[in-house]
1. Considering only residues that are without any contact (Cβ under 8 Å) to a residue 24 or more places away in the chain and either of a type in the set (Lys, Arg) or open to solvent by less than 70 Å² (accessible area, probe 1.4 Å) (or both), look in region 54-73 and name the one that is nearest to Ala171 (Cα to Cα).
2. Limited to region 116-137, what total is found for residues that are assigned to a strand (DSSP E or B) and open to solvent by 40 Å² or more (accessible area, probe 1.4 Å)?
3. Identify, please: which residue in region 191-241 is open to solvent by less than 60 Å² (accessible area, probe 1.4 Å), small (Gly, Ala, Ser) and not in a strand (DSSP E or B) and is, among those, modelled with the lowest pLDDT?
4. So if I check each of Leu174, Leu169, which one is part of a strand (DSSP E or B), open to solvent by 60 Å² or more (accessible area, probe 1.4 Å), at pLDDT 95 or above and not basic (Lys, Arg)?
5. Please work out if Leu137 is of a type outside the set (Val, Ile, Thr) and within 19 Å of Tyr230 (Cβ to Cβ).
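The values are calculated or read from the model by the stated rules, or taken from the named source; none is laboratory data. Remember, it's a predicted structure, so these values are computed and weren't measured experimentally. Note that each Cβ is placed from the backbone with ideal geometry, even for glycine, and that neighbours are counted across all protein chains shown. Protein only, heavy atoms only, side chains kept; ligands, DNA and RNA dropped before computing areas. Shrake-Rupley method; radii C 1.70, N 1.55, O 1.52, S 1.80 Å.
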Amino acid sequence: MRTLTFFINLSLFLSILSVDAQNIGINKEQPKDTVIYKTGYGLRVGVDLSKAGLSFFDKSYKGFEIVGDYRVSSRWYIAAEIGHEEEITFEDFTTSTAKGNYIRVGANYNTYNNWLDMNNEIYVGGRYGVAIFDHTLNSYTPNVTTGDTSVPIYFPSTPITTPVTETGLNAQWLEFVFGIKAETFKNLFIGFSGSFKIATVIEDQTGFKTLYAPGFNEVLNSSTGFGFNYTLTYLIPFVNK
């Protein structure tokens, strides 16, 4: 009786081994389906369309900006902008012009989780900006008083229209960036971004405060500023990953 039980158990054990072996063979022959999507890594370059539009519609402004970034990982991009601006600022009693070149360098981090074949961005980033510019006080209207400092009385005066220029002024700043890029066609991107800027150095013309610095835009009393751009860029892929 024990011998019969032994052979029955042995037969069941060998049957189980045979089924497991067949299952392993099936799994080897039919692996689980996987999809690998490769996207382009390379240099993306383009222009800021907002500056071109502003130059066309606003006769007191001229400027252009070239933008670019390079993807170094699935999330991180090295980014930079380089440009030239000339802005005439009109105040109640002064008119001034700032003209010069600038560069901003930093990085972007893409927070957006793309679907299978998408290559879009919702990013945050930072920049360090430097500008070298000339500043001209085009005209100003001086205050004329009676000379009595206790009760100053102002009289109409004649505007001074002889321009006074100071060259080689320097501006430096940090900025925090938030933006979006969308791939509209293969490797062609439309994007826009906004930035908050904090000045670390803004040199002034002798006797007159700098009201506008190229690349920084209008300089507020708190030495802060804001920026906006609308870009068209094209990706030159060097490798697919």
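1. Ranking the qualifying residues of region 54-73, first place goes to Ser55.
2. Looking only at that region, the number is 6.
3. If we take residues in region 191-241 being open to solvent by less than 60 Å² (accessible area, probe 1.4 Å), small (Gly, Ala, Ser) and not in a strand (DSSP E or B), then Ser223 is modelled with the lowest pLDDT.
4. Every option except Leu174 fails the conditions.
5. no
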